[in-house]
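Here is the structure we will look at, set down as structure tokens.
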Amino acid sequence: MSGNSCDKVQVRQVRKIGPTRRSVSGSYQFRGKEAIQYESTLERDFLIRHEFFPNIVSITPQPVEIPFIGDNGRPYTYTPDFLMSLRHLNGEATQHVLVEVKPRDLWVENWRAWSSKWKAARRFARNQGWSFKIYDESRIRDRALENIKFLDRYQRFAQAPGHTDTLLHALYQIGPLSRDALFAHCGVIAGDERAWAVAIWYLLATRKIDCDITQQLDGATVLWTLQNG
């Protein structure tokens, strides 16, 4: 897939999100830089979850207007919630995904009424070399999001440089290790595990090391630096 497929259409926020009585709206400071608007807590959780993954290059809210004909024969426009850009692991190409965030009970109840606009979105995305995906709770509020929210509190923890430096040096030198194996290598003594565990959570939260965030975080969690992952 071409890395510049976005050049086929101008991508920008085409609809501003204002206050709504039906759901919670606001803006999320994505990676401490760009403020991305959302109009539900599910959309906010989508942003929190995907911010963690280093292969996510950018997320644009309300990115394009897609014309379609409804079942009644009238013309309408549909604006997906986000355009997500992902970099492939080899860094040579970027994938673009149009995203609709919708609670499962709503899209199951209304899928016939909404099928016309979603078919139009799939055609539009295909013509751009993109894809179109619908995200509900099952793809957002999962183990990964639980772990990410757990780690968030540790971003601001003051750390003893000796702990973090020792852990990072070991992972740089040896490569991926389970948390328990890393502690053993670093000579962590019984009774001192808590301080070292907090150092691990801090390094994960600040993206200095990585793991499979979709799995339970425990002693068997395999850790690596972003350079040797």
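The values are calculated or read from the model by the stated rules, or taken from the named source; none is laboratory data. Predicted, not measured: the structure shown is a model, and the values here were computed from it. Heads up, the Cβs are rebuilt from the backbone with ideal geometry, glycines too, and the neighbour counts pull from every protein chain shown. What goes into the accessible areas is simple: the full protein's heavy atoms, side chains included, and nothing from ligands, DNA or RNA. Shrake-Rupley method; radii C 1.70, N 1.55, O 1.52, S 1.80 Å.
A few remarks follow.
- The residues of the chain have, on average, 55 Å² of accessible surface per residue, using a 1.4 Å probe with all protein chains present.
- Percent accessible area from carbon and sulfur atoms, the chain, protein chains only, probe 1.4 Å: 49 percent
- Magnitude of the charge dipole, the range 114-229, Cβ model with Lys/Arg +1 and Asp/Glu -1, debye to 20: 1040 debye
- Over all pairs of different C-alpha atoms in the range 79-146, the reciprocal of the mean inverse distance, the Kirkwood hydrodynamic radius, equals 13.3 Å.
- HN-Hα J in Hz across the range 212-220 - Karplus 6.51, -1.76, 1.60, θ = phi - 60°, x for Gly and Pro: 7, 5, 7, 10, 4, 8, 7, x, 8
- Mean Cα-pair separation over length for the chain, i.e. relative contact order, pairs under 8 Å, 6 or more apart, %: 16 percent
- Matching the structure-derived Cα extents along the principal axes in Å against the labelled list (1) 72, 40, 29; (2) 41, 41, 33; (3) 54, 47, 31 gives the label (1).
- Under 14 Å, Cβ to Cβ, from Cys186 - net charge with Lys/Arg +1 and Asp/Glu -1: -3
- Phi-based couplings in Hz for the range 162-178 (Karplus 6.51, -1.76, 1.60; Gly and Pro marked x): x, 5, 5, 5, 5, 5, 5, 4, 5, 5, 4, 6, 9, x, x, 9, 5
- About its Cα centre, the dipole of the chain is roughly 1000 debye, where the only charges are +1 on Lys and Arg Cβ and -1 on Asp and Glu Cβ.
- The relative contact order of the range 81-152 comes to 31 percent, based on Cα pairs under 8 Å that sit 6 or more residues apart.
- With the whole protein complex present, Ser116 retains an accessible surface near 20 Å², based on a 1.4 Å probe.
- Residues whose amide H lies under 5 Å from that of Ile66, counting only those 5 or more places away or on a different chain, are Tyr78, Thr79; hydrogens are built 1.01 Å from N in the peptide plane.
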